[in-house]
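Shown next, in structure tokens, is the structure this report addresses.
The values are calculated or read from the model by the stated rules, or taken from the named source; none is laboratory data. Quantities reported herein were computed from a predicted structural model and do not represent experimental measurements. Here the Cβ is made from the backbone with ideal geometry for all residues, glycine too, and neighbour counts use every protein chain on show. Ligands, DNA and RNA are excluded from the accessible area calculation, which covers all protein heavy atoms including side chains. Shrake-Rupley method; radii C 1.70, N 1.55, O 1.52, S 1.80 Å.
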Amino acid sequence: MIQHHPDNNMLLEYASGSLNWAHSLVVSAHLQLCPKCAAQLKLLNSIGGALLESAVPPANHTDDTESAFSRLMGRIDTNENVMDRVVVDAENPSPSREPVFSSLPPVVKKLMQRNPVLKWRRLSKGLREARLKTGQSRHEVAFHRIAPGNKVAEHDHRGKEITMVLYGSFSDADGVYSRGDFLVREPGEVHRPTATLDQECLCLSVVEAPVALTGFLGKLVNPFLSIKPQ
């Protein structure tokens, strides 16, 4: 059962279309797995629609039935500035054949169609990252895979980090996070994710600034050295 959700302010920004592209991607993925937040979004849309009808004269009213999700999917599908087209060849099969990618939310599957060849790099023992092309440079969007039982190096945040669990689960000092759970870390918050012993964990992460590793490992390696245009 999903225990961790985006707050109402973020859902309202998403519903209104004012939430930035990278954060909208993760919120959309969460909504596709979370009936509770999907119902809350529907309520927010209904309230917004009622307010719009009362504020706009009928003669000038424009019927816009497109949901925030539909707009996001359309942006992935058609906007050349958002995604670079990539051709897959026989020597680079789709990563979706791996178990961790077997049940992704539709919006993440759509994103992977534009990133069919994932380039994994080892950040530390048991932790790998594959950055995703999204056509924007404000945020880094990436998959992170944590090996079973592995502890990610403790780190602080210099900017907002949003993480959603896609497969498996991990824990930190504040709780346990399983498939569909949505976690926001603000600057100054420190945590050390640890995957469960029985299976690896796959997360979709969005960061707006490099993290700062704490402790001994902080002197050796920083997983997010820079955010580059994707």
Taking the condition open to solvent by 30 Å² or more (accessible area, probe 1.4 Å) and in contact with a Lys or Arg (Cβ under 9 Å, 6 or more places away or on another chain), does R138 pass? no
Pairs, first crowded, with 17+ Cβ neighbours inside 10 Å in segment 10-23, second in a helix (DSSP H, G or I) and hydroxyl-bearing (S, T, Y), C-beta under 7 Å, six or more apart: Y14/S24
Kindly list the number of the only condition in (1) open to solvent by less than 40 Å² (accessible area, probe 1.4 Å); (2) in contact with a Lys or Arg (Cβ under 8 Å, 6 or more places away or on another chain) that fails for V184. (1)
Closer than 16 Å to L25 by Cβ and among the hydrophobic types (A, V, I, L, M, F, W, C): does that describe V165? yes
Please go through (1) modelled with pLDDT of 90 or more; (2) closer than 29 Å to P35 by Cβ for D198 and return the number of the only condition it doesn't satisfy. (1)
Given segment 102-192, what strands (runs of 3 or more DSSP E) lie entirely inside it while holding 2 or more residues that are within 19 Å of A22 (Cβ to Cβ)? 127-131, 140-146, 161-167, 182-185
Candidate set: segment 5-42, residues that are more than 16 Å from the chain's Cα centre (by Cα) and hydrophobic (A, V, I, L, M, F, W, C); chosen: the one modelled with the lowest pLDDT: A15
